[in-house]
Amino acid sequence: MIIRRELPDDAEALRTLFAAALSEDLFDKLHADEDWLSSMSFVALGGDDQVLGHVAATGGRVESSPVLTLVPPSVDASHRGQGVGQALMNAVLGAAEAREEPLIGAVAMPTEFLTRFGFHPGEKFSIAPSVGGWTPYFLVRPLTGYTDSLRGIFYFPEAFGT
């Protein structure tokens, strides 16, 4: 398996993957969003260059401070449980650390997968999602650039339907 940045040629395979794992139109909404960070979008490839999975981080903010929003990993159903999601998470978190980002937030159902990567309920850091109904599923992961002064409301990119 190889993890690399997303390329334009991956679009059709990713649309199919997003439709099965996340939502049918989320791929196009994310890529059209002003907060999209193409340098933070990664794909996992199999030996035949087949797209096995995807993960990304895009812009977000806590109050007026820029942070990252995780686009949770989506893995082709036939490759789940084989470490693809874990490899993708390591890639996106490593890239976020290299950018010296302060924090990455996510909505995860269920939350257990992300807690393995150091994500915690936002309330532990006095950060709440802008969509109240997401509170039980809202997680954050402080990164190297994190300081205790980062607290308040977490605002997701418009592509998330907020």
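All of the numbers you see were taken from the coordinates with simple rules; none came from a lab. Here the structure is a predicted model, which is why all the values come from computation and not from measurement. Here Cβ is always computed from backbone atoms with ideal geometry, including for glycine, and neighbour counts include all displayed protein chains.
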Work out the length of the dipole vector of the chain about its Cα centre, built from +1 on the beta-carbon of each Lys and Arg and -1 on the beta-carbon of each Asp and Glu, and round it to the nearest 20 debye. 560
Expressed as a rounded percentage, what relative contact order does the chain have, with Cα pairs under 8 Å and six or more residues apart? 22
Top mean-square fluctuation among Ser126, Ser149, Ser64, Gaussian network model of the chain, C-alpha springs under 10 Å? Ser149
Given axes a ≥ b ≥ c from the Cα gyration tensor, I'd like to know whether region 70-162 is rounded (a/c under 1.5), prolate (a/b larger than b/c) or oblate. oblate
Estimated [θ] at 222 nm from DSSP helical runs (n ≥ 4, -39500 (n - 2.57)) normalised by residues in the chain, nearest 500: -6500 deg cm²/dmol
Build a GNM of the chain with springs between Cα atoms under 10 Å: which of Ser78, Ser130, Ser65 gets the top mean-square fluctuation? Ser78
For helix 84-98, report the angle its Cα long axis makes with the longest principal axis of the Cα atoms of the chain; keep it between 0 and 90° and round to the nearest 10°. 50
Over all directions, the average projected area of the alpha-carbon convex hull for the chain comes to how many nm²? 8.7
Once phi is turned into ³J(HN,Hα) by the Karplus curve 6.51 cos²θ - 1.76 cosθ + 1.60 with θ = phi - 60°, what whole-Hz value does each residue of region 128-139 show in order, with x for glycine and proline? 10, x, 5, 10, x, x, 8, 3, x, 10, 8, 10
Using the Cα centre as the reference, give the magnitude of the dipole from point charges on the C-beta atoms of region 74-121 (Lys, Arg: +1; Asp, Glu: -1; all else neutral), rounded to the nearest 20 debye. 120
Using alpha carbons only, how many degrees (0 to 90, rounded to 10) separate the axis of helix 11-21 from the longest principal axis of the chain? 60
